[in-house]
Each structure stands twice: as structure tokens, then as C-alpha cells.
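Presented below is the structure to which this report refers.
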Amino acid sequence: MKKLLIILSGPFLALTLICGSIPCNSQEYRADIVIYGGTSAAVIASVEAKKAGKSVIIVSPDRHLGGLSSGGLGFTDTGDKSVIGGLARDFYHRVFLHYQQDAAWRWQLKEMYGNRGQGTPAIDGDARTMWIFEPHVAEKIFEELIAENDITVYRDEWLDREGGSEVEDGYIRAFRTLNGKRFEGEVFIDATYEGDLMAAAGVRYHVGREANSIYGERWNGVQVGVLHHGHWFRAPISPFNIPGDSTSGLVFGVSPEPPGEYGTEDKKVQAYCFRMCLSNHPDNRVPFAKPDNYQPEHYELLARVFASGWRQTFRKFDPIPNRKTDTNNHGPFSTDFIGMNYDYPEADYELREAIIQAHQDYQKGLMYFLANDLRVPEEVRQEMAQWGLAKDEFIDNGHWPHQLYIREARRMIGAYVMTEHDVFSTRNVPHAVGMGSYTLDSHNVQRYVKADGYVQNEGDIGVHTKGPYQIAYGAITPKREECKNLLVPVCVSSSHIAFGSIRMEPVFMILGQSAAAAACLAIDGGVAVQDISYDSLKERLLVGKQILGR
């Protein structure tokens, strides 16, 4: 509510417009629920909160909403789609409705689209959902959700991580951004991939892989010698500048450090990449340009892989509508920038930006190398010549994704830690707030020299679950003694390998909705998020069409 306040000041009358109790031109903002982050989980959480009648603010360091879902990951990691419910399913229903329009098929006839998804048809006509989409379509839907629900979003607002969080008696009272804005709320949701608000609030977390002994797991820790998927060196490839000569130094991208003992912990994180959206339509294709700092020697290992006979370059050019791709890592040397992201989770903003830029330089150089370098087999170069960046995607960023794929950063050590035992459904999960189903999936963590003098990757794991599994409410709540009014639906409390399954975009949306529902109950009851009635939460989630069990 706006009021006109008349302030007498000396001989002058000052007129000040008041919004509630805060001046409209103030840097102070308040809502029942304050969400930090611009991911898909953030948008879904805000919608749930607004539908429940709460005031809500999204404070996003990003200009674009949707995170990876609008940042190139359009070939959705669905797992078992039957356990994707609530507002997450509504998102995929909206995708379906978009592609029912003839105007949506600008570069391809609908009947020419292959309808292939990850283990499920892309278009599910019976369920009226579609799981595969173009980046700009996802962003459009997220923006429509924001507009339809009249949600306030502050963009390009970065948490002041050095003293910007006001915490009192275990409650976050407010936080400030680098622009000087102060956001006060009853409950806060950290929906970032990095967990910066969580960390600033003093909540404990883990970075890297735990030893298998910590939670009695098998697939956590260093997995030297374990070779899953196809992302490892099958042929003997020398890692040295002069092949076979260990005194000549290592080629780019190979660590001189030993990988560690099987099952032991480390502080390394699985590799990141950009999920590029490519097009092979002549009128919607931007050729791969030579980067200013292009260094062809960075791709020497790939040249040697080609020389060994490997020919799977295009295996993960996954098709999305309109003759485009969601292009992901594939093979022993690909878009994953292995070993170059270890500092990212804890880095300051400046260092993070440098790491992101290094990933961009590497990946742009890789695409130029594949299209032009004579060490690349001619048939590969000829096929690469048909591809380029999609001209109608990421148009304000040179057609390059605005979001690096932060597959894993911090993981909260919360009230309940999800482990592989929960994902394999070998123990009962308390107080379910959603379900996951995807394979336990970790990308490579390091590239090293084996004892026999050849190069190998380590850390790539792919182990199937026994079916859908429940995710505990305690996995999105901190321990009570650490913070009483924070929920964390992205950097969830889980071991490294359990997170490898949980970390899928549909699950983040599911947990975002559940986090917001819990926040509303905490506000209504005047209690800590750890003290809400689970029965009440369960009832609200089921009304919201969340899937909590099979």
C-alpha cells in the first residue's frame, strides 16, 4: 500500500512516497519469502509461494531466469517421468502446449522431428507433456510464470558474501547485495547452484567426494580403475608432449598428480561444460569462429584419440526441435573441461568469472578445432562444417549459453544426508517431499597418467537405481542449530554420488515447490522450518499434485 507522507523540514515541505513502511526509493525490501537465485527451482518456488498467498521476492544474480533449463539443457534428464508432478509437470505441460502451435516449428516440420527423449518420447501426447525443448522456449515459459503470478524479481543482484548476511539466534534476518540492496524476510530459500546464501548463513556443507567409509557407500570417493559410459581412453594414448617420452612434459589437460587411492576422499568436483545449442539449418547457423586466444595445442590429446580410430564426435548431439541440438560431453576428450573447476565452489566472484571464461575459451576453441584442424579426420570436419551456433538462441550473448553447467558445487550437510542407500531404496527415507529416479551419474573428475605411462580419466560413474526413490525433507533443511529459516532445494544435503542422481532439473523444480510449501507452513505456524508438521506439509504437497511415493 502506498501512502503520501508529508515531512516538515525547515522552510520546505518534503513529499515522500511510502510503500508500506519502506520508502519507495529505498534500498530496503521485504517479503514473507526471499528466494536467492534465478534457477528453475527459484522460479517454481516463487510460484508456489505466491499461490499460497505469501509475498515473495526473487533476488537473482542472473539476468536470465531458469538456470540450465533455459541455458541449453533442453534434452531433459527425465528418469522415470511418472514421478515428476506438481509445478514441474506443469512446466513440461506448457512446453507441450507451445509446440502444439504451428508457429513454433520455424526451422523444421513437426512431423520431421524425431520425437526422441532420454528413455521416453520427447512428446507425450497422452500426458500432454513434452520433455525436450529449445532454450528460448524454456526461458519464455519461466518469464510467463513470473508475469502471471506478479512476482517481483531483482536481477543482476549478487549476494555480499563478506558480511552481507544478517544472522541472529539462528535466523537469517536479511541479506545485502553488492549493489547495496537489503532484503528482509521471514523465510529464505537458497536456490543457487553454488549455495552462497547457505554458506554465508553459517550452514555446514561439503565440497568434493566423501570417502566411501563415511556413509558406507561403494560409488563415492575416488573411483580409479572404474570405467563407465564411454568417456574414457580405450586405446593406449601417450600423455607426453613427445609420445612415450616422460621427460618431455605433459600435454595440456593432464594432471601430474596421482589420482588417489580407490574409495578415498578428495576436494575435487566433477567437470563442468556449456550445453551448447547448435543448428544445422543453413539460415539459422553461426559458423564456429576462431577464438582470439585460440591455442590448438590444447587439443593435442583429442588429435591422438582421433588417430587411434575413435569416431564418436556426434554421439551426444542430442536433437531438440527445429533442427537444433543440446550438445553434451561425449568421449575421452570432449566439452567437459576436466580438472579446471576445482576452485569454483568456494571462489570469489572474480575468480569464478575467470573460471567461467576459461571454460568458454576452451569449448569455443574445441569447436573451431573440430571444424578446421587438419589433424581432425576429414569426414569429421565435413560434418562439423554443417553445424554452428543456433542464431536465434542466446542472442544477447553471441549465441553462447549464459549458464555454465555447474553439475556440483557445495552440498549442504543438513538434517538428513541422502546417500546411495536412499537412492538404491535399501533404507526407508523419512518425510518424503519429492522423488528422483535418474541414474547415479557423475562426470569425470580428473585426468591422470597411469602407472603404465598412458593417460586415463577418472570419476565418471553411471549406476542405475532400482527405480524411483523418495527424497527426504531433511535433505533440504539445515540442522536446526545452524539455521532455522532457510531451505535449500538445489545444493541439497547428500553425498557426492547420491547428488549425482538428485541433481536433475526436474528434481530441482520438485524440491523448489516443496521448499516453498514448507516455508509457508513455517510462517503460518511461527516455527522453525525444522519444526513444521510433516503431515500438514504432505497434505499441501499432495494437493499441489506432487508425487511422494509409489
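The values are calculated or read from the model by the stated rules, or taken from the named source; none is laboratory data. Quick caveat: nothing in here was measured; it's all calculated off a predicted structure. All Cβ positions, glycine included, derive from the backbone under ideal geometry; neighbour counts span all protein chains shown. Just so you know, the surface numbers come from the protein's heavy atoms only, side chains and all, with ligands and any DNA or RNA stripped out. Shrake-Rupley method; radii C 1.70, N 1.55, O 1.52, S 1.80 Å.
Summary table
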| item | result |
| --- | --- |
| Eligible aspartates and glutamates near K81 by straight Cα distance, threshold 17 Å, same-chain separation 8 or greater | D90, D124, D126, E505 |
| Carbon/sulfur fraction of accessible area - the range 169-316, other protein chains in place, 1.4 Å, % | 49 percent |
| Mean shadow area of the range 163-296 over all directions, Cα convex hull, nm² | 15.9 nm² |
| Hits among lysines - C-alpha to C-alpha of K479 under 23 Å, sequence gap 8 or more where chains match | K267, K538 |
| The chain, dipole about Cα centre (Lys/Arg Cβ +1, Asp/Glu Cβ -1), debye to the nearest 20 | 940 debye |
| I320 long-range amide H proximity, modeled H, under 5 Å | T325, D326 |
| Normalised contact order of the range 398-503, rounded percent, pairs of Cα under 8 Å and 6 or more residues apart | 41 percent |
| Counting DSSP beta bridges with both ends in the chain, the antiparallel % (nearest 5) | 70 percent |
| Relative contact order, percent, the chain [alpha-carbon distance under 8 Å, six or more residues apart] | 21 percent |
| Cβ-derived FRET efficiency at R0 35 Å, E144 paired with H229, nearest 0.05 | 0.45 |
| On Cα atoms only, tilt of 534-543 relative to the major axis of the chain in degrees | 70 degrees |
| Degrees, to the nearest 10: 349-372 long Cα axis against longest axis of the chain | 40 degrees |
| Sequence ranges 289-298, 185-194, 480-489, ranked by mean other-Cβ count within 10 angstrom, highest first | 185-194, 480-489, 289-298 |
| Dipole in debye (nearest 20) - the range 373-514, about Cα centre, beta carbon charges: Lys, Arg +1; Asp, Glu -1 | 680 debye |
| Cβ crowding within 10 Å averaged over residues, with 223-233, 403-413 ranked highest first | 403-413, 223-233 |
| Where the chain is the region considered: accessible area per residue in Å², 1.4 Å probe | 39 Å² |
| Cβ-based net charge around K140, under 10 Å, with every Lys or Arg adding one and every Asp or Glu removing one | -3 |
| Dipole of the range 260-358, positive end: most advanced residue of P291, H330, H281 [Cβ charges, Cα centre] | H281 |
| MRE, 222 nm, helices only [DSSP H, n ≥ 4, -39500 (n - 2.57), over the chain, to nearest 500] | -7000 deg cm²/dmol |
| Pairs beyond 26 Å (Cα-Cα), from K466/K545; K54/K484; K110/K364; K181/K364 | K110/K364; K181/K364 |
| Counted charge near D32, where neighbours are those whose Cβ lies closer than 11 Å (Asp, Glu -1; Lys, Arg +1) | 0 |
| Accessible surface of the range 415-533 [probe 1.4 Å, protein heavy atoms]: carbon and sulfur percent | 48 percent |
| Neighbour net charge for V226 - beta-carbon separation under 9 angstrom, K R +1, D E -1 | -2 |
| Kirkwood hydrodynamic radius over Cα pairs of the chain, then Stokes diffusion coefficient at 25 °C and 0.890 mPa s, in µm²/s | 100 µm²/s |
| Separation of the E168 and D531 label points, Cα + 7 Å toward Cβ, nm | 1.8 nm |
| Most to least packed among 274-280, 117-123, 317-323 [average Cβ atoms within 10 Å] | 274-280, 317-323, 117-123 |
| Charge dipole of the chain about the Cα centre (unit charges at C-beta), most positive-ward option of L73, V83, V455 | V83 |
| Calculated diffusion of the range 79-217, Stokes-Einstein form, Kirkwood radius summed over Cα pairs, 20 °C and 1.002 mPa s, µm²/s | 113 µm²/s |
| Top positive-direction residue, dipole computed over the range 147-271 with Cβ charges, set Y205, G170, P258 | P258 |
| Principal-axis tilt of helix 40-51 within the chain, Cα atoms, nearest 10 degrees | 20 degrees |
